[in-house]
Amino acid sequence: MTAPASGHRHRVSLFIPARPAPDQGYPIVLLLDGDRAALHLRQVLAEGQSLDAVYVAIGYADTEQHAVVERALDYTPALEAGHRTPDPLDAEHRWNGGAAEFRQWLSAELEPEISRRVAVDWSQSTLWGHSYGGLFVLSTLLEAGSSYSRYVAADPSLWWQDAFLYRRLMDAPVVATELVLHRSRATATRSPRARTEAQRSLRESLTAALPAEAFERVAERWNATLIDYPEHDHGTLFEASLDALLERGAAAEGGRYPIHDH
């Protein structure tokens, strides 16, 4: 499927439970960074994991797994409506500000197509994302909070653009929905893509605007569940957060996440 505003070609993978759909349809979970998410889902399903919901992995066709250019645009909000800005992590090659258009493509094109293919219950829907994907989850909560019944953001990039979205979360009216924050606490011993000293310094400078207790403040204000992962760094939290989603279940009647270290 191609998103007209960005021109990005998306690879969408549907993972459907083996059991018959309930009368109201399956609960549904939308996963950003879908190429990596689909790879992990296939692995855990091969190991015997069962599904209680339809999982939709939304990735990118004809690109490498991390799709850094595409996700930098699609997952970040516009600082000013209709305007794109250089990505702070790579101002020469990446642009930010396409979240509204990506969100419109999800609601107007992808979600109706999913409903045509499988019986789903959108009143039991989850939007999940990690890093910049987590930023998109939170911007959707702010801009279209009634779109999904649960929002799960794993290590969302709250530092982005001088903590732009963090400040909005602390000022905007609170939406009555379920928000879950997953946070890594371990320091990465190595990066899957080795960084130079200049890149490490850049990342440190970018995070300076974010208060040390930003996650706690957001969780308190939004009555959110904050789960820490002491043994995971930012990279490994991706799969750990997905595993927690699978373990906890997707149905609303399962109750809120318990508050604890994972």
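The values are calculated or read from the model by the stated rules, or taken from the named source; none is laboratory data. Keep in mind the model is a prediction, meaning the values are calculated, not measured. Cβ: placed from backbone, ideal geometry, glycine included. Neighbour counts: every protein chain shown.
Go through the residues of segment 74-86 one by one and say whether even a single one is under 23 Å from Asp243 (Cβ atoms) and without any contact (Cβ under 8 Å) to a residue 60 or more places away in the chain. Quick ask: steps written out before the conclusion?
Step one: of segment 74-86, the residues under 23 Å from Asp243 (Cβ atoms) are 75.
Those left that are additionally without any contact (Cβ under 8 Å) to a residue 60 or more places away in the chain: none.
The answer is no; no qualifying residue exists.
Of the residues in segment 25-49, how many are more than 20 Å from Leu138 (Cβ to Cβ), hydrophobic (A, V, I, L, M, F, W, C) and out of contact with any Gly (no Cβ under 8 Å at 6 or more places or on another chain)?
Within segment 25-49, the first condition is being more than 20 Å from Leu138 (Cβ to Cβ), and the residues that meet it are 25-27, 35, 38-49.
Subsequent filtering for residues that are hydrophobic (A, V, I, L, M, F, W, C) retains 38-39, 41, 44-46.
Right, trim to out of contact with any Gly (no Cβ under 8 Å at 6 or more places or on another chain) and you get 39, 41, 44-46.
Residues in segment 25-49 being more than 20 Å from Leu138 (Cβ to Cβ), hydrophobic (A, V, I, L, M, F, W, C) and out of contact with any Gly (no Cβ under 8 Å at 6 or more places or on another chain): 5 in total.
Hey, could you check segment 151-179 for residues that are of a type outside the set (Phe, Trp, Tyr) and touching a residue at least 60 places away in the same chain (Cβ under 8 Å) and say which is farthest from Trp128 (Cα to Cα)? Let's see the steps before the verdict.
Within segment 151-179, the first condition is being of a type outside the set (Phe, Trp, Tyr), and the residues that meet it are 152-158, 161-163, 165, 167-179.
Next cut, touching a residue at least 60 places away in the same chain (Cβ under 8 Å) only: 152, 154-155, 158, 161, 165, 178.
Numbers: Val152: 5, Ala154: 8, Asp155: 11, Leu158: 15, Gln161: 21, Leu165: 17, Glu178: 12 Å.
Top of the filtered list is Gln161.
Yes or no: segment 112-119 includes at least one residue that is over 19 Å from Ala240 (Cβ atoms), in contact (Cβ under 8 Å) with a residue 60 or more places away in the chain and of a type in the set (Gly, Ala, Ser). Don't jump to the end; show me each part of the working.
Filtering segment 112-119 for residues over 19 Å from Ala240 (Cβ atoms) gives 112-119.
When the remaining residues are screened for being in contact (Cβ under 8 Å) with a residue 60 or more places away in the chain, the result is 113-114, 117-119.
Checking the rest, the ones that are also of a type in the set (Gly, Ala, Ser) come to 119.
Yes, segment 112-119 contains a residue that is over 19 Å from Ala240 (Cβ atoms), in contact (Cβ under 8 Å) with a residue 60 or more places away in the chain and of a type in the set (Gly, Ala, Ser).
For segment 193-200, indicate whether the set of residues that are of a type outside the set (Val, Ile, Thr), at pLDDT 85 or above and surrounded by 12 or more Cβ atoms within 10 Å (Cβ to Cβ) is non-empty. Explain how you work it out, then say what you get.
So in segment 193-200, the residues of a type outside the set (Val, Ile, Thr) come out as 193-195, 197-200.
If we keep only those that are at pLDDT 85 or above as well, we get none.
So far as segment 193-200 goes, no, none of its residues is of a type outside the set (Val, Ile, Thr), at pLDDT 85 or above and surrounded by 12 or more Cβ atoms within 10 Å (Cβ to Cβ).
Tally up the residues in segment 28-45 that are under 21 Å from Asp62 (Cβ atoms) and without any contact (Cβ under 8 Å) to a residue 24 or more places away in the chain, please.
Qualifying residue count, segment 28-45: 1.
Hey, could you check segment 201-222 for residues that are of a type in the set (A, V, I, L, M) and surrounded by 10 or more Cβ atoms within 10 Å (Cβ to Cβ) and say which is modelled with the lowest pLDDT?
Step one: of segment 201-222, the residues of a type in the set (A, V, I, L, M) are 202, 206, 208-210, 212, 214, 218-219.
Applying the additional criterion that residues be surrounded by 10 or more Cβ atoms within 10 Å (Cβ to Cβ) yields 202, 206, 209-210, 214, 218-219.
On the way: Leu202: 74, Leu206: 83, Ala209: 85, Leu210: 94, Ala214: 97, Val218: 98, Ala219: 98.
It comes out as Leu202.
With touching a Leu at 6+ places or on another chain (Cβ under 7 Å), under 17 Å from Gly34 (Cβ atoms), of a type in the set (Gly, Ala, Ser) and touching a residue at least 24 places away in the same chain (Cβ under 8 Å) as the only criterion, which of Ala99, Ala53, Ala57, Ala67 stands out? I'd like the intermediate steps shown before the answer.
Values: Ala99 fails: touching a Leu at 6+ places or on another chain (Cβ under 7 Å); Ala53 fails: touching a Leu at 6+ places or on another chain (Cβ under 7 Å); Ala67 fails: touching a Leu at 6+ places or on another chain (Cβ under 7 Å).
Just a single option satisfies the conditions, and that option is Ala57.
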